[in-house]
Amino acid sequence: MEQEVLSKMEAAISVMQRYTELGHSLSCAYSGGKDSTCTLVLMLVAIRRAGGTAITHHVQSADTTIENPTIANFLHSVLDELQLYIEASALPVQVHVTTPSLASQFVVSTMGRGTLARTPENGVRDGRRTRPCADEWKVRPGGRLRTLLERRAADDGAREVITVLGLRRDESTSRAVAMAERRDSADQAVTSRTGALTISPLSDWTSDDVWTMLALLADARDLTFPSPLAPATIHRLSDIYRAGNGGTCGVVVGDAGARAACGSRFGCAICLVSGDRDKSLEAMIEDEQYGHLRPLNDYRNYLLAIQWDMSRRELVGRSLSDAGYTRIQADTYSYATRIDLLRKLLSIDAAERDRAEAHSGALTTGSIPDTEENRVLCEPQFEFVTPQQLVAIDFFLSMHHYAPHAFPALAVWHDVNVLGRRYPIPTLESLPKKEIVLHGWYPVGQYDKEAPVTGLRSFDAEQWNPYRHPGRPGRYARTTGGEQTVYFEETSQFDVDAEAACLFVTCTYDTAFMLDTQHRDAIDSAHFWLNEGIVKLPTGMAQRYQDMAKRGQYFSRLAQRLNLTPAELDAHLIANAIGGDAHDALLGFDPTQLSLFAEAA
């Protein structure tokens, strides 16, 4: 068996070495899993055997920001180890880690913008299963990196970049079908739908082949090359898979004993696309070493349970019709739900810091044995809401019509991290899938029908900026539509200055600041983030954010004018909305004529 796998390894190395010598740049897509670990090692050996070359090769990993923390921490430790190996071996290899744009990251998108978590039920479009989360968190960032690497390869005089994938037909029937459609090959680089060249060295390998190679890497005595990864790293990987499969996964690495099947599949810690359960995460948390991940599984199940609870949805539409009406229908998460989800996730982060501190104390006093695993657990293993993400969430929530005061997300952070409150996750029964009822269309004009709005314009900033920021141009910022707004800075994507955000959240925003801003309008903090240059808008997109701000401010002032609570405002919108037919008539649609045309067709 080992000799057969050694032959397969040499064949894969030979193919990649040949492409390297032909002038191609190789780029391994590394996830930290068993298949991509084998692929990574084979590619690095091929590059080393190819000898001196001016061509730069790459290792690229994707950090979705909500990966299973154990896998994420393992991946980053491997990348650190890999960097030392690259430097020691003088290999022309660069390591890259991509992340989603800040606005599309799970915590910002879900708690700031109210985007529904992706599930099997809402992941189907036109009869085909889609995963927009994977597209936004992995495919698009990877595509941007690939464009950059292609440009660099051209500058270096190299041929096209070949992405090296750890895909295997043996993984599943669906994977085999997809690979057959793409004509994925271990022997020849093929062109993908996007025009990129890819090669899959493990395409014909079995799971047993992969575990055998890992066993060889862990022992290293029978290898024909020096391994880029230490045996301890391979043992660690095997332990993770074993924990994710109830303790019966893979092999006793380094031994030639019988191999057990491994069905462990790791992905995002808060992944709902996997269905009713995350079996690998559930198996891991039964192991005491991974018990700290239990709250993440509870949070995931809570998200799944509330997906069809329409009382947790936003009613106000996000766009205007040509007639000046907005749709009244359950859509994104409501403001209260976003705050609820933020409280719970911040509580999980805080509890993990408390656990790490208690664990460190137990290790110091000798209450638990001094092992490598226990030393690692003395540090927090994750933080799912960083100060940068928190500020982004606060910016979006500040423009919501139900936000009661300025800095709404920071107030939640202060509640959990300064006042010490914790928000437990209840166990709920999932509601059945429901039809989403259209309540009608509510008239708003251009967000000027019943209440005045200024959106992102700040009269306070206009008054004080000449004194606080005298170097700025006297003319204030305007949107592409010509509307005047508070000062703002632009960059290629929505962004938050991470250093400034951390400084403000952890140092400036104290209890006195929190209390002082409780009486300020919510939109004031959106003005603040922009005016201070902490939040930066995408180039040319200011009008979109102005419309967002006007929408929230309009309904906030409408509730104030009518003296309505959030629940009363929702009821008012439903009661005063016109039906779909009446709205169609305002748009000039003739349902009778449309019906006749349909019959003729």
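The values are calculated or read from the model by the stated rules, or taken from the named source; none is laboratory data. Just so it is clear, the model here is predicted, and its values are computed rather than measured. Quick reminder, even Gly has a Cβ in these numbers, built from the backbone with ideal geometry, and neighbours come from all protein chains shown.
Filtering Ala549, Ala582, Ala571, Ala559 for residues that are aliphatic (A, V, I, L, M), over 36 Å from the mean Cα position of the chain (by Cα) and assigned to a helix (DSSP H, G or I) leaves a single hit, Ala582. If only residues of segment 75-100 that are farther than 17 Å from Gly32 by Cα, surrounded by 15 or more Cβ atoms within 10 Å (Cβ to Cβ) and among the hydrophobic types (A, V, I, L, M, F, W, C) are counted, the one that is nearest to the chain's Cα centre (by Cα) is Val93. For segment 140-195, the set of residues classified as over 25 Å from Thr53 (Cβ atoms), among the hydroxyl-bearing types (Ser, Thr, Tyr) and in a helix (DSSP H, G or I) consists of Thr173, Ser174, listed by residue number. Checking each residue in segment 87-102 for being closer than 13 Å to Pro228 by Cα, touching a residue at least 40 places away in the same chain (Cβ under 8 Å) and not in a loop (DSSP other than H, G, I, E, B) picks out Ser89, Val93.
Against the definition (in the same structural domain as Tyr19 (by TED's automatic domain parsing), in contact (Cβ under 8 Å) with a residue 24 or more places away in the chain, under 18 Å from Val5 (Cα atoms) and not small (Gly, Ala, Ser)), how does Asp156 come out, yes or no? Judged against the criteria, Asp156 is not a match.
Confirm whether Val108 is at negative phi, modelled with pLDDT of 90 or more, buried (at least 21 other Cβ atoms within 10 Å of the Cβ) and among the β-branched types (Val, Ile, Thr).
Working: at negative phi: yes; modelled with pLDDT of 90 or more: yes; buried (at least 21 other Cβ atoms within 10 Å of the Cβ): yes; among the β-branched types (Val, Ile, Thr): yes.
Considered against the rule, which asks whether it is at negative phi, modelled with pLDDT of 90 or more, buried (at least 21 other Cβ atoms within 10 Å of the Cβ) and among the β-branched types (Val, Ile, Thr), Val108 comes out as yes.
A quick yes/no check of all residues on (1) farther than 30 Å from Ala575 by Cα; (2) among the polar types (S, T, N, Q); (3) surrounded by 12 or more Cβ atoms within 10 Å (Cβ to Cβ); (4) touching a strand residue (DSSP E or B) at 6+ places or on another chain (Cβ under 6 Å):
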{"position": "Gln389", "(1), (2), (3), (4)": "yes, yes, yes, no"}
{"position": "Leu419", "(1), (2), (3), (4)": "yes, no, no, no"}
{"position": "Gly445", "(1), (2), (3), (4)": "no, no, yes, no"}
{"position": "Asp448", "(1), (2), (3), (4)": "no, no, yes, no"}
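Pairs linking a residue in segment 227-238 that is surrounded by fewer than 22 Cβ atoms within 10 Å (Cβ to Cβ) to a residue that is in a helix (DSSP H, G or I), with Cβ atoms under 6 Å and 6 or more positions apart or on different chains, are Ser227/Leu217; Pro231/Ala218; His235/Ala218.
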